[in-house]
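> This is the structure, below, for whatever I ask next.
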Amino acid sequence: MTVEQIQSRFKILPIEVIYDDEQLEKYKNIYGVYAIVGKYETEGTIPLYIGSSYSIKNRIINHKSELRCDKHYNPILQSAYNKHPNDFIFCILETCEKGENFNREQYYLDTYRPFAKDGMGFNVSECAQYSSTGRKWSEEHKKRVSDKLKGIPKPRTKEHTEKIAKQLRG
(Lines give C-alpha, C1' and ligand atoms only; values in the text may rest on other atoms or scores of the structure.)
Protein backbone atom coordinates (compact mmCIF):
# COMPACT_ATOMS: atom_id res chain seq x y z
CA MET A 1 0.00 0.00 0.00
CA THR A 2 1.44 3.35 -0.99
CA VAL A 3 1.18 6.76 0.63
CA GLU A 4 -1.31 7.70 -2.11
CA GLN A 5 -3.50 4.64 -1.43
CA ILE A 6 -3.56 5.41 2.29
CA GLN A 7 -4.45 9.01 1.54
CA SER A 8 -7.29 8.02 -0.79
CA ARG A 9 -8.78 5.55 1.70
CA PHE A 10 -8.40 7.60 4.88
CA LYS A 11 -8.08 11.14 3.52
CA ILE A 12 -4.83 11.49 5.48
CA LEU A 13 -1.35 11.85 4.14
CA PRO A 14 1.20 10.02 6.23
CA ILE A 15 4.69 11.43 6.36
CA GLU A 16 6.10 8.04 5.51
CA VAL A 17 5.09 4.42 5.05
CA ILE A 18 7.56 2.18 6.87
CA TYR A 19 8.72 -0.70 4.70
CA ASP A 20 11.74 -1.72 6.78
CA ASP A 21 13.21 -0.96 10.20
CA GLU A 22 16.11 1.04 8.73
CA GLN A 23 13.63 3.78 7.83
CA LEU A 24 12.81 4.14 11.54
CA GLU A 25 16.29 5.32 12.55
CA LYS A 26 15.40 8.95 11.96
CA TYR A 27 12.40 8.60 14.31
CA LYS A 28 14.42 7.50 17.35
CA ASN A 29 13.45 9.70 20.32
CA ILE A 30 11.04 11.63 18.10
CA TYR A 31 7.53 12.30 19.44
CA GLY A 32 4.70 11.60 17.07
CA VAL A 33 1.63 9.71 15.93
CA TYR A 34 1.70 6.50 13.89
CA ALA A 35 -0.81 4.11 12.38
CA ILE A 36 -0.97 0.38 11.81
CA VAL A 37 -3.10 -0.23 8.72
CA GLY A 38 -4.59 -3.52 7.59
CA LYS A 39 -4.22 -3.98 3.84
CA TYR A 40 -7.47 -5.93 3.71
CA GLU A 41 -11.13 -5.03 4.07
CA THR A 42 -13.46 -6.19 6.81
CA GLU A 43 -17.14 -5.48 6.24
CA GLY A 44 -16.26 -2.72 3.81
CA THR A 45 -13.76 -0.96 6.08
CA ILE A 46 -9.98 -0.94 6.27
CA PRO A 47 -8.95 -1.72 9.85
CA LEU A 48 -6.72 0.85 11.50
CA TYR A 49 -4.84 1.34 14.78
CA ILE A 50 -3.65 4.78 15.84
CA GLY A 51 -1.05 5.36 18.54
CA SER A 52 1.51 7.87 19.70
CA SER A 53 4.90 7.69 21.34
CA TYR A 54 7.87 9.67 22.57
CA SER A 55 10.01 7.43 20.35
CA ILE A 56 8.18 6.39 17.21
CA LYS A 57 11.03 4.06 16.25
CA ASN A 58 10.98 2.12 19.51
CA ARG A 59 7.19 1.90 19.64
CA ILE A 60 6.80 0.53 16.11
CA ILE A 61 9.61 -1.99 16.62
CA ASN A 62 7.92 -3.04 19.87
CA HIS A 63 4.55 -3.49 18.11
CA LYS A 64 6.17 -5.60 15.36
CA SER A 65 8.02 -7.79 17.85
CA GLU A 66 4.99 -8.40 20.05
CA LEU A 67 2.82 -9.23 17.04
CA ARG A 68 5.37 -11.65 15.56
CA CYS A 69 5.77 -13.38 18.95
CA ASP A 70 1.98 -13.57 19.49
CA LYS A 71 2.37 -11.48 22.66
CA HIS A 72 0.67 -8.19 21.76
CA TYR A 73 -1.31 -6.58 24.60
CA ASN A 74 -4.20 -5.80 22.22
CA PRO A 75 -5.97 -9.13 21.57
CA ILE A 76 -8.03 -7.75 18.69
CA LEU A 77 -4.98 -6.53 16.81
CA GLN A 78 -3.12 -9.75 17.64
CA SER A 79 -5.97 -11.91 16.33
CA ALA A 80 -6.13 -9.94 13.07
CA TYR A 81 -2.35 -10.16 12.70
CA ASN A 82 -2.47 -13.93 13.25
CA LYS A 83 -4.99 -14.22 10.39
CA HIS A 84 -3.24 -11.73 8.06
CA PRO A 85 0.45 -11.60 9.11
CA ASN A 86 1.65 -10.12 5.82
CA ASP A 87 -1.17 -7.63 5.43
CA PHE A 88 -0.18 -4.83 7.81
CA ILE A 89 1.75 -1.68 7.16
CA PHE A 90 3.11 0.86 9.61
CA CYS A 91 3.15 4.54 8.80
CA ILE A 92 4.09 7.78 10.47
CA LEU A 93 1.19 10.23 10.52
CA GLU A 94 3.08 13.15 12.01
CA THR A 95 5.87 14.18 14.32
CA CYS A 96 5.26 16.69 17.08
CA GLU A 97 6.77 18.47 20.03
CA LYS A 98 7.23 16.87 23.45
CA GLY A 99 3.92 16.78 25.29
CA GLU A 100 1.80 17.20 22.15
CA ASN A 101 1.67 13.54 21.09
CA PHE A 102 -1.45 12.71 23.15
CA ASN A 103 -3.30 15.75 21.79
CA ARG A 104 -2.39 14.85 18.23
CA GLU A 105 -3.26 11.17 18.75
CA GLN A 106 -6.62 12.24 20.16
CA TYR A 107 -7.23 14.33 17.04
CA TYR A 108 -6.75 11.26 14.84
CA LEU A 109 -8.83 9.06 17.15
CA ASP A 110 -11.69 11.58 17.06
CA THR A 111 -11.44 12.06 13.30
CA TYR A 112 -11.11 8.43 12.14
CA ARG A 113 -12.73 6.59 15.07
CA PRO A 114 -10.76 3.33 14.62
CA PHE A 115 -12.44 1.65 17.57
CA ALA A 116 -12.75 -2.08 17.98
CA LYS A 117 -16.14 -1.77 19.68
CA ASP A 118 -17.55 -0.21 16.50
CA GLY A 119 -15.89 -2.78 14.24
CA MET A 120 -13.88 0.01 12.60
CA GLY A 121 -10.39 -0.73 13.83
CA PHE A 122 -8.14 -1.98 16.59
CA ASN A 123 -8.09 0.80 19.18
CA VAL A 124 -9.65 -0.38 22.42
CA SER A 125 -9.72 2.99 24.16
CA GLU A 126 -11.28 6.15 22.77
CA CYS A 127 -8.93 8.26 24.86
CA ALA A 128 -5.26 8.78 24.01
CA GLN A 129 -4.40 9.41 27.66
CA TYR A 130 -5.05 5.80 28.71
CA SER A 131 -1.52 4.56 28.50
CA SER A 132 1.18 3.62 30.95
CA THR A 133 2.94 6.98 30.62
CA GLY A 134 3.36 8.52 34.05
CA ARG A 135 1.97 5.48 35.84
CA LYS A 136 3.58 4.69 39.21
CA TRP A 137 4.67 1.05 39.28
CA SER A 138 5.16 -0.93 42.49
CA GLU A 139 8.65 -2.18 43.29
CA GLU A 140 7.39 -5.76 42.86
CA HIS A 141 6.06 -4.98 39.37
CA LYS A 142 9.29 -3.22 38.37
CA LYS A 143 11.31 -6.27 39.51
CA ARG A 144 9.09 -8.67 37.52
CA VAL A 145 9.45 -6.57 34.37
CA SER A 146 13.20 -6.21 34.90
CA ASP A 147 13.63 -9.96 35.40
CA LYS A 148 11.56 -10.70 32.29
CA LEU A 149 13.65 -8.32 30.18
CA LYS A 150 16.84 -9.89 31.53
CA GLY A 151 15.54 -13.37 30.66
CA ILE A 152 15.30 -14.48 34.29
CA PRO A 153 12.54 -17.09 34.49
CA LYS A 154 9.69 -16.81 36.98
CA PRO A 155 10.20 -18.93 40.09
CA ARG A 156 8.08 -22.08 39.91
CA THR A 157 6.60 -24.19 42.63
CA LYS A 158 7.51 -27.85 42.82
CA GLU A 159 3.97 -28.74 41.73
CA HIS A 160 4.20 -26.50 38.69
CA THR A 161 7.56 -28.00 37.66
CA GLU A 162 6.14 -31.53 38.02
CA LYS A 163 3.08 -30.61 35.94
CA ILE A 164 5.29 -29.25 33.13
CA ALA A 165 7.51 -32.35 33.24
CA LYS A 166 4.45 -34.60 33.05
CA GLN A 167 3.12 -32.72 30.01
CA LEU A 168 6.48 -32.95 28.25
CA ARG A 169 6.69 -36.68 28.85
CA GLY A 170 3.22 -37.16 27.38
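> Checking the cross-link filter: which lysines have an alpha carbon closer than 18 Å to that of Lys158, excluding same-chain neighbours under 8 positions apart?
The reachable lysines, counting only those whose Cα sits under 18 Å from Lys158, are Lys166.
> Moving to a separate point now. What is the sum of charges, Lys and Arg at +1 and Asp and Glu at -1, for the other residues whose Cβ falls under 15 Å from the Cβ of Lys163?
Net local charge, Lys163 excluded: +3.
> As a quick test, which of the pairs Lys39/Lys150; Lys71/Lys154; Lys64/Lys150 have an alpha carbon distance above 28 angstrom in this structure?
Lys39/Lys150
> Can you find, among Gly170, Val37, Cys91, the residue farthest towards the positive end of the dipole of the chain? Put +1 on the C-beta of Lys and Arg, -1 on that of Asp and Glu.
Looking along the dipole axis, the top candidate is Gly170.
> Which three semi-axes in whole Å describe the equivalent ellipsoid of region 36-116, each the square root of 5 times a Cα gyration tensor eigenvalue, listed largest first?
After diagonalising the Cα gyration tensor, the semi-axes are 22, 16, 10 Å.
> When the Cα atoms of region 34-170 are enclosed in a convex hull and the volume is divided per residue, what value in Å³ results? It would help to have the intermediate numbers written out before the result.
Details: hull volume 22.1 nm³, N = 137.
Normalising the Cα hull of region 34-170 by residue number yields 162 Å³.
> Additional query: Would you mind getting me the FRET efficiency between Ile61 and His160? Use the beta-carbon distance for r and R0 = 30 Å, nearest 0.05.
Working: r = 33 Å, r/R0 = 1.09.
So the FRET efficiency works out to roughly 0.40.
> So with the 1.4 Å probe, I'd like the accessible area per residue for the chain, rounded to whole Å².
Counting only protein heavy atoms, the per-residue value for the chain is 66 Å².
> May I ask you to list the aspartates and glutamates whose Cα is less than 18 Å away from that of Lys26, ignoring any residue fewer than eight positions away on the same chain?
Glu16, Glu94, Glu97
> Under a Cβ-only charge scheme (Lys and Arg +1, Asp and Glu -1), can you give me the dipole magnitude of the chain about the Cα centre, in debye to the nearest 20?
1080
> Using the beta-carbon distance between Asp21 and Asn82 and R0 = 25 Å, what value does 1/(1 + (r/R0)^6) give for FRET efficiency, to the nearest 0.05?
Efficiency for this residue pair is about 0.75.
> Could you give the angle, 0 to 90 degrees to the nearest 10, between helix 56-68's Cα long axis and the longest principal axis of the Cα atoms of the chain?
Around 50 degrees separate the two axes.
> Probe radius 1.4 Å, ligands and nucleic acids ignored: give me the carbon and sulfur share of the accessible area of the chain as a rounded percent. Show your work: numbers first, answer last.
Details: 5700 of 11190 Å².
Here it works out to 51 percent.
The values are calculated or read from the model by the stated rules, or taken from the named source; none is laboratory data. For clarity, every value in this text was computed on a predicted model and none was experimentally measured. Every residue, glycine among them, receives a Cβ derived from its backbone with ideal geometry; neighbour counts consider all protein chains shown. Only protein heavy atoms, including side chains, enter the accessible area calculation; ligands, DNA and RNA are left aside. Shrake-Rupley method; radii C 1.70, N 1.55, O 1.52, S 1.80 Å.
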